[in-house]
Amino acid sequence: MRMMGQESSPRIRNGKIDPFSGRNALILNQDSFSCPANQCSSLLSSLQKYISFRQLQERNASVPLSQVSFTPDLIILRLSLNSAPQKVIDSCKKMWNRAAMIALFCLGFNEPPDDFPYLFGALDDFVSCPFRQSEFILRVRRLLQSKKP
């Protein structure tokens with residue numbers, strides 16, 4: 001598990017208070033698969049660079065969700081289509097029904113998986129690898145704005 005520590009006061013970025021500094025995010029990796037586009041290994045550091053989360057953790061989804069020590073406002077799921085992705089989504093929704101959820105499909109191409117349309121109804125957004133980091137950050141910010149605490 002990789003983690004960014006807590007901060008007690010809001011961060012200031014570019015002379016303005018960062019509206020996301022009091023928010024929490026959780027990155028759940030469903031499997032230990034690697035990203036064919038090699039983008040997901042830097043996901044935690046990218047998020048830390050562009051969004052001032054109060055807490056940000058990256059964990060393996062096989063660890064019980066009850067062991068997460070905070071309530072996430074945002075859940076980023078790195079889903080494997082070879083394992084039961086619906087089970088992970090359902091578990092997250094049951095545990096944190098108010099959290100925004102975005103999925104990363106690390107398939108190595110730009111098209112979403114056709115075989116899993118039921119997943120898209122349960123998610124707030126999704127991105128397929130390879131993706132533009134700036135687009136991903138904008139999507140995360142949009143989700144956090146739409147899901148006010």
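The values are calculated or read from the model by the stated rules, or taken from the named source; none is laboratory data. Keep in mind it's a predicted model, so treat the numbers as computed, not measured. All Cβ positions, even for glycine, are placed from backbone atoms using ideal geometry, and neighbour counts span all protein chains on display. The area values use the complete protein model at the heavy-atom level, side chains included, leaving out ligands, DNA and RNA. Shrake-Rupley method; radii C 1.70, N 1.55, O 1.52, S 1.80 Å.
Which of the residues that make up the range 135-149 are at pLDDT below 90 and open to solvent by less than 100 Å² (accessible area, probe 1.4 Å)?
Keep residues of the range 135-149 that are at pLDDT below 90, which gives 145-149.
Passing the criteria: SER146, LYS147.
Which count do you get for residues in the range 115-134 that are modelled with pLDDT under 80, open to solvent by 30 Å² or more (accessible area, probe 1.4 Å) and assigned to a helix (DSSP H, G or I)?
Going through the range 115-134 one residue at a time, the tally reaches 4.
Which residue is surrounded by the fewest Cβ atoms within 10 Å (Cβ to Cβ), if the candidates are limited to the range 45-91 and must be of a type in the set (A, V, I, L, M, F, W, C) and assigned to a helix (DSSP H, G or I)?
Among residues in the range 45-91 that are of a type in the set (A, V, I, L, M, F, W, C) and assigned to a helix (DSSP H, G or I), the one surrounded by the fewest Cβ atoms within 10 Å (Cβ to Cβ) is LEU65.
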